[in-house]
Amino acid sequence: MSLTFHWFLPTNGDSRHVVGGGHGTPATVSGRDRPPTVAYLSQIAKAAEDLGFVGALTPTGAWCEDAWLTTAMVSQHTERLKFLVAFRPGFVSPTLAAQMASTFQRQSGGRLLLNVVTGGESHEQRAYGDFLDKDARYRRTGEFLEVVRGLWEGRTVDLEGEHLRVEDARLARLPDPVPEVYFGGSSPIAGEVAARYVDVYLTWGEPPAQVAEKTAWIRGLAAKEGRTLRFGIRLHVITRDTSEQAWAEANRLLDGFDPQTVESVQTGLGRSESEGQQRMLALHGGRRDALEIHPNLWAGIGLVRGGAGTALVGSHDEVAARIREYAALGIEEFVLSGYPHLEEAYWFGEGVLPRLAAAGVWRHPFAKGGVPSAQVPFAS
């Protein structure tokens, strides 16, 4: 088995400091340091492609650029990189979404992956005209995916659900290949949706013991549906030649967190309806000390950023070891990011990936022989 790695396109802006925001909180001023232009995002995408990342995640929400439009533009500046487009099913009809995905596949050469985000913050959803509560949003997501998957299979779909209704829906042209669906959620109803409809279940970067519990829960639910899912994890990374250098960088980022910004972001995130977000907050409790919550797993990012709030921090060998620890739990896909995203992609791609290749758990997806000549392992 070869592990799969994805990078991240910061459509909310990039910086040498952490760009906060997400889950109903606005992006911090650091997001203006490197605006998310198509030119800059294409630089990141091309670097990720060369280094051996399979895809790149784009976020969704009021704090960032639209993921569909941005990735459609960036795809024209890359050749093989896939785009893990985050979108909210309540904002567009399922038939139109299925058609959009089919068009994206044809125009990009089959490079679309879909990250379905139900939406954990009611106040943000209402700004878009969505007034359902959280559980109802998940039930609607299930109906949405039932329609979309049926259309992608070439069927004519009729559905009169609790929230969605379509009649005689069909696609003139089917996507080839059918996009894989990624999805995350920690509530009971989220688990039900994942078990029935998705291909890859994503978890945020909790300590391995908690990740093991979550994957076992989802695996059991999927088995009851007669299905088998893959598992992925969303993490930031700070990897350097030595552990001391990596932790010095983590501390530099931490020193840049303005106390008032931390307080404001934590207050906003504390109102989150997302169980996953509350699990992230519990890892650090708003404190700046004791942020290493598992060897090489640092919760500092979550002080100013919603969503994924943990980072793997350490030497290339240490980070590679932690990745293998998660892989032993059944995690096959890693969705990573780092500040700034262009430079950190190279730190990881040139430092960690060769070590994983040498261990036989990763092969470069676009290079003959598995590892490009420029990416041979080096002594630490």
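In terms of overall dimensions, the C-alpha atoms belonging to region 105-237 reach 46, 35, 32 Å along their principal axes, ordered largest to smallest. Over the C-alpha trace of region 244-351, radius of gyration and Dmax come out as 14.2, 40 angstrom.
When nucleic acids and ligands are ignored and a 1.4 Å probe is applied, residue 15 ends up with an accessible area of around 0 Å². Per residue, the chain exposes 41 Å² of accessible surface when a 1.4 Å probe is rolled over the protein heavy atoms with every protein chain present.
Normalised by the number of residues in the chain, the mean separation of alpha-carbon contacts (under 8 Å, six or more apart) gives a relative contact order of 20 percent.
Need one word for region 161-208: rounded, prolate or oblate. Basis is the Cα gyration tensor (sqrt eigenvalues a ≥ b ≥ c); a/c below 1.5 gives rounded, then a/b vs b/c decides. It comes out oblate by the Cα gyration axes. Solvent-accessible area of residue 46, all protein chains in place: 90 Å² (probe radius 1.4 Å, heavy atoms, ligands and nucleic acids excluded).
Here the accessible area of the chain is 50 percent carbon and sulfur, with a 1.4 angstrom probe and all protein chains present. Just how much of residue 65 is accessible, in Å², when a 1.4 Å probe is used and the result is rounded to the nearest 10? So the heavy atoms of residue 65 present about 100 Å² to solvent. Relative to the longest principal axis of the Cα atoms of the chain, the long axis of helix 94-108 makes an angle of roughly 50 degrees. Relative to the dominant Cα principal axis of the chain, helix 275-284 is inclined by about 10°.
The structure-derived value of Rg/Rh (Cα atoms, Kirkwood Rh) appears in the list (1) 1.00; (2) 0.98; (3) 0.95 under the label (3). To the nearest ten degrees, helix 38-51 and the longest principal axis of the Cα atoms of the chain are 70 degrees apart.
The values are calculated or read from the model by the stated rules, or taken from the named source; none is laboratory data. Everything quoted here is computed from the prediction, not taken from an experiment. Remember, those area values only see protein heavy atoms, side chains included, never the ligands or the DNA or RNA. Shrake-Rupley method; radii C 1.70, N 1.55, O 1.52, S 1.80 Å.
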